[in-house]
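Engineer: Below is the structure I would like to discuss, written out as structure tokens.
The values are calculated or read from the model by the stated rules, or taken from the named source; none is laboratory data. Keep in mind that this is a model prediction, so the values were computed, not measured. Quick reminder, even Gly has a Cβ in these numbers, built from the backbone with ideal geometry, and neighbours come from all protein chains shown.
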């Protein structure tokens, strides 16, 4: 108990110092400088308005898919009509070079091709093709119209749901590749996902590990599957909210691909001697051995591991002196409220 008390004494330094650093959660955050530079001015509002038709889909994710699939129509989209010329076609799906073998009798070469700036297969377009707002009366939805393609991609990602609860699964439905998922999320973060108007407030050399509006309760010891009990606190916030270093320290360990219950995780060894465990991350922003400052972004909140399919949250543990975990609630309630 003396060891724990000493650890907490180091953690709860009462010397107050306050600093504010721009940060925050949510797909409602404004476009970053990268987004403004990369996304054509006529397409940016289309991504934003199309994403709004699928609650839970950040516009940055939809725009990131548009970047990866065609670099935003490769500059071929008419800003007045959305029509893309010449058309964008993917490679023939003829079974070579690792592609599927899909016949299309309507195609000049007899093979199916992904079509348009969002790269829809004709069969997928038949189900999910949508006519975008402000298209001419009598217009027919076309995968070769950038506006239609963007709205149709939002419809496909939502898949008829009223609310998108599992963003990772939606992205993987577009391309079942973990690398694709990471590329989309990385680009979405570049476009401003998680960079809204929240703040990081440093008190006594420490800050809340979630850089934005957050909800949590004292769920330490709550029953879990397999007879386990909860060894931390779950902090709930929008997907992509930055997770920051709670104090100065060194990144002790990371798992950058999903493993076990925690999924994607970070261990931070604080200068106080206390270690902190961040789990269920969408992705990490640091590597083992990195020196980090309090308030520095080290990961992004997600739903990996056994949080998959549930509400995005950070599972947060506190280990004084590298010992067993203790209830972090006194720390989180002090720093996060």
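Engineer: I'd like the residue in the range 111-132 that is touching a strand residue (DSSP E or B) at 6+ places or on another chain (Cβ under 9 Å) and either modelled with pLDDT under 95 or part of a helix (DSSP H, G or I) (or both) and, out of all such residues, is surrounded by the fewest Cβ atoms within 10 Å (Cβ to Cβ).
Structural biologist: Going through the qualifying residues, I end up with 122.
Engineer: On to the next question. Does residue 328 satisfy being farther than 21 Å from residue 247 by Cβ, crowded, with 22+ Cβ neighbours inside 10 Å, modelled with pLDDT of 90 or more and not assigned by TED's automatic domain parsing to the domain that holds residue 165?
Structural biologist: no
Engineer: As an exercise: evaluate residue 235 against (1) under 15 Å from residue 284 (Cβ atoms); (2) in contact with a helix residue (DSSP H, G or I) (Cβ under 9 Å, 6 or more places away or on another chain); (3) assigned to a strand (DSSP E or B) and give the number of the one condition it does not meet.
Structural biologist: (1)
Engineer: Kindly provide the set of residues from the range 106-123 that are more than 18 Å from residue 43 (Cβ to Cβ) and either outside the structural domain of residue 81 (by TED's automatic domain parsing) or in contact with a helix residue (DSSP H, G or I) (Cβ under 7 Å, 6 or more places away or on another chain) (or both), ordered by number.
Structural biologist: Passing the criteria: only 112.
Engineer: Could you please let me know if residue 86 is without any contact (Cβ under 8 Å) to a residue 24 or more places away in the chain, closer than 25 Å to residue 35 by Cα and part of a loop (DSSP other than H, G, I, E, B)? Steps first, please.
Structural biologist: On the way: without any contact (Cβ under 8 Å) to a residue 24 or more places away in the chain: yes; closer than 25 Å to residue 35 by Cα: yes; part of a loop (DSSP other than H, G, I, E, B): yes.
Answer is yes for this residue.
Engineer: Could you pull out the residue among 50, 73, 63 that is surrounded by 20 or more Cβ atoms within 10 Å (Cβ to Cβ), in a helix (DSSP H, G or I), modelled with pLDDT of 95 or more and under 16 Å from the mean Cα position of the chain (by Cα)?
Structural biologist: 63
Table: residues versus (1) within 13 Å of residue 146 (Cα to Cα); (2) in contact (Cβ under 8 Å) with a residue 12 or more places away in the chain; (3) outside the structural domain of residue 142 (by TED's automatic domain parsing).
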{"position": "47", "(1), (2), (3)": "yes, yes, no"}
{"position": "63", "(1), (2), (3)": "yes, yes, no"}
{"position": "78", "(1), (2), (3)": "yes, no, no"}
{"position": "81", "(1), (2), (3)": "yes, yes, no"}
{"position": "92", "(1), (2), (3)": "no, yes, no"}
{"position": "102", "(1), (2), (3)": "no, yes, no"}
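Engineer: Another question, if that's okay. Which numbered condition trips up residue 318, out of (1) surrounded by fewer than 20 Cβ atoms within 10 Å (Cβ to Cβ); (2) over 23 Å from residue 61 (Cα atoms); (3) touching a helix residue (DSSP H, G or I) at 6+ places or on another chain (Cβ under 8 Å)?
Structural biologist: (1)
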